[in-house]
Each structure stands twice: as structure tokens, then as C-alpha cells.
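Read the figures in this text as sums done on the coordinates, not as results from a lab. Everything numeric in this text was worked out from a predicted model, so none of it was measured. Every residue, glycine as well, gets a Cβ built from its backbone with ideal geometry; the counts of neighbours run over all protein chains shown.
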Protein chains: 2
Amino acid sequence: MQITRQTEYAVRTLLELAAAPVGETVSTRLISERQGIPDEFLKKTIQLLVPAHLVTTHRGTGGGVRLAKPATDITLLDIITAIEGTLALNVCLAPDYHCPNKPNCSLSRILGKAQEALLEELQRETLADMINSQK
Amino acid sequence: MQITRQTEYAVRTLLELAAAPVGETVSTRLISERQGIPDEFLKKTIQLLVPAHLVTTHRGTGGGVRLAKPATDITLLDIITAIEGTLALNVCLAPDYHCPNKPNCSLSRILGKAQEALLEELQRETLADMINSQK
DNA sequence: TTTATATTGGACTAATTTTATCCCATTTAT
DNA sequence: ATAAATGGGATAAAATTAGTCCAATATAAA
């Protein structure tokens, strides 16, 4: 019932990027050093953020990573989803899964409600809010 | 970010017990058959519910498991906690863990808030409510 | 055009957690 | 005694998570 370490890596990476001057790219090696993240693993992690449209990358000298959109438009839920896929508090709440008994199932009903409450909070605050609250 | 299968087993087990006539014991074998849970694994699961004071057990012929308290006094959170330990949305929110940087950490702050919202929902409804909503 | 810098991508390994099984001991009612 | 039931330790299998290695490709600058 926890976010994975990789998800935390992703959040810290995006916080680094959000803190950098707008439009400036940062190399994964620099991020990995500053955040103490294994650099090869960080590369994999960033490759999950690209298709989710949270960052863009540029190769070659002077290349690196930058936010794909304003920090005000990226929520914690966006990041978790990019790394872990759609959040589901139980198998039976996953998007594809369908259980014939679902309508009668009080577990899925309660967990569903709890999940809603969780999603709402995770969606409430953006990267920008997180940066500001650090100061 | 999901409850484990074992936790779901525990919930279904407690629902079985809550549905049974008050004070009556049910054998793990019967529960495992009705719920399709591997019986040896179910035993282990029940052994986690005992120290959490959710069920009591009795050995020997005619023995089995029963609720340790009224179904109105058992919440979904109680069950999750019994199986998985204290719920924490990230390592840094676990009871024992302490990070020197926590006061400045916006991730732990947001996750902490989200966790609160989740706990509240998980605590809101009891086994009794779950049984009633099935009817 | 060479060189250094950086991401891309695939294969692989290691570590950890989750799920399950086996088997024998102990308790209890009949 | 015997059958029915939980208790508990050891171990295995499966799945997920974390991390590593390396060759390929793109890019900027010298």
C-alpha cells in the first residue's frame, strides 16, 4: 500500500526540474547526483515520464530533461500514474479488470469510495504548490 | 499501491464470520472452500487476525474461528492494519521511520494529507455496514 | 569531421515481497 | 483412542521492484 521507490525518484526529479530556471534542461547525471538516485535507474524512470508528457528530453551535448508543461499543470497523481499506471486500491478496481459480482461487492464499494478520496487529494496540489511550500 | 491478496482474504473471512449466527464458530476449512482461499494460507492469515483482537479461535472438534467483537466495532482499516501493519503511503510516513528533512519535505506533507483522507474513509464503515449493504 | 556529451533501448541480474505449501505438534470434544 | 481443528516453523515458488550493463543513436561544439 505504498508508492514505489521509483515513484519517489520521479517526484524528486520533477521537483528538481521545476526548481530549475524555466526552459533550462538538466542532465540525468546531475539529477542522480543531487538526489542520490542510481543514474541508470533514473534513466529508466525518466523514460516513463516522457510518454506521459510530463517531461521532454534532448540528446547530445547540452541536452537533458525539462518539464513538458508548466509546474502548475502537473499533479502528484499525474506522476504516480505515469510510473505505476492507473491507481487502484485493489485488483478489482483496476480499469480492465471486471468482476461479475462487483455490483454486490461491499468491499469494492468501500474501497472505491476511499480511492476517490485519495485521488482527490493527490490531484489537488501541483508541482508548483510543492515548490512554493518548500520555501 | 494496492491492498494485498491476503488482506482481501482477511476481509472476506471476516465477512463470512459476521454473516454467521452470533457466537458460532466456523472452521477455516469451510471458509476456504466457500471463498476459494488456499486453506493453509488462510490459517496463516487468521493467525494475523488473532493478535489484532479481531477474531478468537478454538481448537479441536467443533472448534474454529469467530469474531472477537461485534461487527459494528470492526472497520476496514482495522483489517488492513492487522494484515499489512500500519498503513503508510510512503516509507517516510511509516511510524518508526524518521527523516531529518521531513519538516521541509513537500512530498511527505502532501502524501500525509492524502493518507489522512484515505484513513478516514477506511475507518468510516464497519463490517456490519458492509454486511447490510450486501442485502 | 571528429569528439565529447547525452539520451534510447534491450537484455539481464539481484533483491524483496507476496503467495503458497508441507508437515508435525497440540488441543479438544466425542 | 480417535477424529477434528488450530499453532507454528521451515521452505519454496511466483511476482514485483530495483538496479546494472552495454551498444546504439543523436547532437553540439571544437
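Details
- The GluC sites (Glu not before Pro) of the range B:1-86 that DSSP puts in a loop, and whose beta carbon has at most 14 other beta carbons within 10 Å, are B:Glu24.
- Converting phi to 3J(HN,Hα) with the Karplus coefficients 6.51, -1.76 and 1.60 and the offset θ = phi - 60°, the range A:76-83 yields 4, 4, 4, 6, 4, 4, 4, 8 Hz in sequence order, with x at every glycine or proline.
- Contact order for chain A, expressed relative to its length and based on alpha carbon pairs under 8 Å spaced 6+ residues apart, stands at 27 percent.
- Label point 7 Å beyond Cα along the C-beta direction, distances from B:Gly60 to other copies (nm, shortest first): 8.3
- In nanometers and ordered shortest first, the copy-to-copy spacing of the B:Asp96 label point, defined 7 Å from Cα toward Cβ, is 3.7.
- Max mean-square fluctuation residue, GNM over chain B, Cα-Cα springs under 10 Å, options B:Arg12, B:Arg59, B:Arg124: B:Arg59
- Relative to the longest principal axis of the Cα atoms of chain A, helix A:39-49 runs at roughly 60 degrees.
- Listed by chain and number, the aspartates and glutamates whose C-alpha is less than 17 Å from the C-alpha of B:Lys43, apart from same-chain residues fewer than 8 away, are B:Glu8, B:Glu16, B:Glu33, B:Glu84.
- Ordering B:Met130, B:Pro95, B:Gln115 by Cα displacement along the dipole of the range B:5-134 toward the positive end leaves B:Pro95 in first place; charges were set at the Cβ atoms of Lys, Arg (+1) and Asp, Glu (-1).
- Net dipole in debye of the protein assembly as shown [+1 Lys, Arg Cβ; -1 Asp, Glu Cβ; about Cα centre; nearest 20]: 320 debye
- Choice from A:Ala19, A:Ala88, A:Ala117 showing the highest fluctuation, given a GNM over chain A with Cα pairs closer than 10 Å: A:Ala117
- Dipole size of chain B about its Cα centre, with +1 on Lys/Arg Cβ and -1 on Asp/Glu Cβ: approximately 160 debye, rounded to the nearest 20.
- Potential extension, A:Arg59-A:Asp39 segment - 0.36 nm per residue separation minus Cα distance: 5.6 nm
- Axis of helix B:106-124 versus longest Cα principal axis of chain B: the two differ by about 30°, to the nearest ten degrees.
- A dipole drawn for the range B:5-134 from +1 and -1 charges on Cβ atoms has a positive end, and of B:Gly36, B:Leu77, B:Ile46 the residue lying farthest that way is B:Ile46.
- Helix-only CD estimate at 222 nm, as mean residue ellipticity for chain A, using -39500 (n - 2.57) per DSSP H run (n ≥ 4): -16000 deg cm²/dmol
- Rg and Dmax [Cα atoms of chain B; Å; Rg one decimal, Dmax integer]: 17.0, 58
- Taking B:Leu107, B:Leu17, B:Leu54 in turn, the Gaussian network model of chain B (Cα-Cα springs below 10 Å) assigns the largest fluctuation to B:Leu107.
- The simple spin-label model puts a point 7 Å past each Cα toward its Cβ; for B:Val50 and B:Asn104 those points are separated by 4.9 nm.
- Cβ-based exposure ranking for B:Ile131, A:Ile3, in which fewest neighbours within 10 Å come first: B:Ile131, A:Ile3
- Inter-copy spacing of B:Val22 label points, which lie 7 Å from Cα along Cα→Cβ, given in nm from shortest upward: 6.6
- The range A:67-127 versus the range B:73-116: alpha-carbon centroid distance in Å: 18 Å
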